[in-house]
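Peer 1: Have a look at this one.
The values are calculated or read from the model by the stated rules, or taken from the named source; none is laboratory data. Keep in mind that what you see is a predicted model, and the values were worked out from it rather than measured. As a convention, Cβ positions derive from the backbone with ideal geometry for all residues, glycine included, and neighbour counts pool all protein chains shown.
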Amino acid sequence: MNEKVRGQVENRGGRIDAFYYCPHLPEEEGCPCRKPKTGMIEKAVRDFEVDLGRSRVVGDSAVDVDRATLSEKRRAERRRRKWLRKTL
């Protein structure tokens, strides 16, 4: 399925560098990548030096959108703390 999606995106001039998924069972406690946590987004940022401001999260549910929003909130909070350290 992933290669089919990749092919369709490439045929339209786009590019997908990687597909991420959570290998853990829903019952597992403390999984950092299980939705709505942001572990998969954070991994992509590390793997590809992703500029989240120029990126999009694609998914098939509202949880995917919530996860993207949570990731942006965390990024904004890190920027705020960095600014505070410089200012104070």
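Peer 1: Could you please find all residues in the range 10-41 being among the polar types (S, T, N, Q) and either over 23 Å from Ser55 (Cβ atoms) or at pLDDT below 85 (or both)?
Peer 2: Thr38
Peer 1: Restricting to the range 18-57, and then to whatever is in a loop (DSSP other than H, G, I, E, B), touching a helix residue (DSSP H, G or I) at 6+ places or on another chain (Cβ under 6 Å) and of a type in the set (A, V, I, L, M), can you tell me which residue is nearest to Lys4 (Cα to Cα)?
Peer 2: Checking each candidate, the answer is Val57.
Peer 1: Counting only residues that are within 17 Å of the chain's Cα centre (by Cα) and aliphatic (A, V, I, L, M), which one in the range 11-30 is nearest to Ala44 (Cα to Cα)?
Peer 2: The qualifying residue nearest to Ala44 (Cα to Cα) is Ala18.
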